[in-house]
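To keep things clear, I will list the structure first and then write my remarks on it.
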């Protein structure tokens with residue numbers, strides 16, 4: 001009989017303990033607040049830095065262009081870009097065939113610029129849009145292995161799109177993000193996946209973004225590296 005009571009008592013302790021653990025889980029409001037605080041802190045820190053942005057455009061499985069820019073925040077708070085090296089001059093072909101090739105290159109260049117611009121509209125996430133999605137009841141939280149949590153924001157920027165962010169619950173830092181959206185010009189679906197990394201001071205930054213526009217058989221990879229504090 002004592003053994004039975006002991007078992008029941010232990011079970012009660014376990015249940016009470018589990019209830020405390022569940023009660024201590026942060027709410028959606030607390031998760032969103034932690035996300036916004038982490039974003040604000042990192043963005044404030046990154047304004048002191050400069051870095052190298054490398055953009056590679058791959059078309060139909062072949063790398064077509066690579067460019068590098070030195071990036072930093074200007075006095076107006078916007079990112080400024082300075083080419084690391086001037087691209088080599090292209091040899092243009094004449095005639096109708098040459099004009100057709102140039103038109104195609106221009107079309108793909110415009111599409112690539114639009115794609116990169118789309119990425120910048122999602123990242124870094126906008127606190128006001130985050131609040132709007134949460135207020136509309138379109139936020140979903142799901143625990144992940146490794147002490148992580150996933151926050152999914154539906155209809156973040158456009159109807160039917162989604163922004164999903166994975167956070168480390170230990171320090172509320174960003175681990176990764178993924179977006180499903182459409183291009184403005186042709187409404188074609190695009191996806192992009194982002195990996196975040198940390199500076200020594202804990203600030204997070206987008207270390208690599210891969211955008212996949214399957215309709216155009218185009219991938220755009222953006223890598224940020226070489227962070228260092230601006231001089232002067």
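The values are calculated or read from the model by the stated rules, or taken from the named source; none is laboratory data. Keep in mind that this is a model prediction, so the values were computed, not measured. Using ideal geometry, Cβ is built from the backbone for each residue, glycine included, and neighbour counts are taken over all protein chains shown.
Is it true that residue 154 is at pLDDT 95 or above, in contact with a strand residue (DSSP E or B) (Cβ under 6 Å, 6 or more places away or on another chain), surrounded by fewer than 18 Cβ atoms within 10 Å (Cβ to Cβ) and on the phi < 0 side of the Ramachandran plot? Before you say what the answer is, go through the steps one by one.
On the way: at pLDDT 95 or above: yes; in contact with a strand residue (DSSP E or B) (Cβ under 6 Å, 6 or more places away or on another chain): yes; surrounded by fewer than 18 Cβ atoms within 10 Å (Cβ to Cβ): yes; on the phi < 0 side of the Ramachandran plot: yes.
Spelling it out, residue 154 is indeed at pLDDT 95 or above, in contact with a strand residue (DSSP E or B) (Cβ under 6 Å, 6 or more places away or on another chain), surrounded by fewer than 18 Cβ atoms within 10 Å (Cβ to Cβ) and on the phi < 0 side of the Ramachandran plot.
Mind listing whichever residues of the range 199-232 are in contact with a helix residue (DSSP H, G or I) (Cβ under 9 Å, 6 or more places away or on another chain), modelled with pLDDT under 95 and surrounded by fewer than 17 Cβ atoms within 10 Å (Cβ to Cβ)?
Answer for the range 199-232, where residues must be in contact with a helix residue (DSSP H, G or I) (Cβ under 9 Å, 6 or more places away or on another chain), modelled with pLDDT under 95 and surrounded by fewer than 17 Cβ atoms within 10 Å (Cβ to Cβ): 201, 202.
So which of 143, 127, 87 is surrounded by fewer than 12 Cβ atoms within 10 Å (Cβ to Cβ) and modelled with pLDDT of 80 or more?
That would be 143, the only listed residue that is surrounded by fewer than 12 Cβ atoms within 10 Å (Cβ to Cβ) and modelled with pLDDT of 80 or more.
Does the range 170-201 hold any residues that are free of Cβ contacts under 8 Å to residues at least 24 places away in the same chain and part of a strand (DSSP E or B), and which are they?
Residues of the range 170-201 that are free of Cβ contacts under 8 Å to residues at least 24 places away in the same chain, as a first pass: 170, 176, 178, 180, 187, 191, 193, 195-197, 200.
Within the range 170-201, 176, 178, 180, 191, 193, 195, 196, 197 qualify.
State which residue is farthest from residue 168 (Cα to Cα) when the search covers only the range 26-43 and only residues that are outside any loop (DSSP other than H, G, I, E, B) and over 17 Å from the mean Cα position of the chain (by Cα).
Ranking the qualifying residues of the range 26-43, first place goes to 29.
In the range 63-72, is there at least one residue being more than 22 Å from the chain's Cα centre (by Cα) and modelled with pLDDT of 90 or more? Show your work before the answer.
Residues of the range 63-72 more than 22 Å from the chain's Cα centre (by Cα): 63-65.
With modelled with pLDDT of 90 or more added as a condition, the list becomes 63.
There is at least one residue in the range 63-72 that is more than 22 Å from the chain's Cα centre (by Cα) and modelled with pLDDT of 90 or more.
Assess whether residue 82 counts as being modelled with pLDDT of 90 or more, out of contact with any helix residue (DSSP H, G or I) (no Cβ under 6 Å at 6 or more places or on another chain) and under 30 Å from residue 184 (Cα atoms).
Yes.
Taking the range 141-166 on its own, how many of its residues are without any contact (Cβ under 8 Å) to a residue 60 or more places away in the chain and in contact with a helix residue (DSSP H, G or I) (Cβ under 9 Å, 6 or more places away or on another chain)?
Final tally of qualifying residues: 7.
Would it be correct to say that residue 162 is more than 12 Å from residue 35 (Cβ to Cβ), at pLDDT 90 or above, surrounded by fewer than 12 Cβ atoms within 10 Å (Cβ to Cβ) and touching a strand residue (DSSP E or B) at 6+ places or on another chain (Cβ under 8 Å)?
No.
Assuming residue 195 fulfils every condition listed in (1) over 16 Å from the mean Cα position of the chain (by Cα); (2) surrounded by fewer than 16 Cβ atoms within 10 Å (Cβ to Cβ); (3) closer than 18 Å to residue 35 by Cβ apart from one, which condition is it?
The failed condition is (1).
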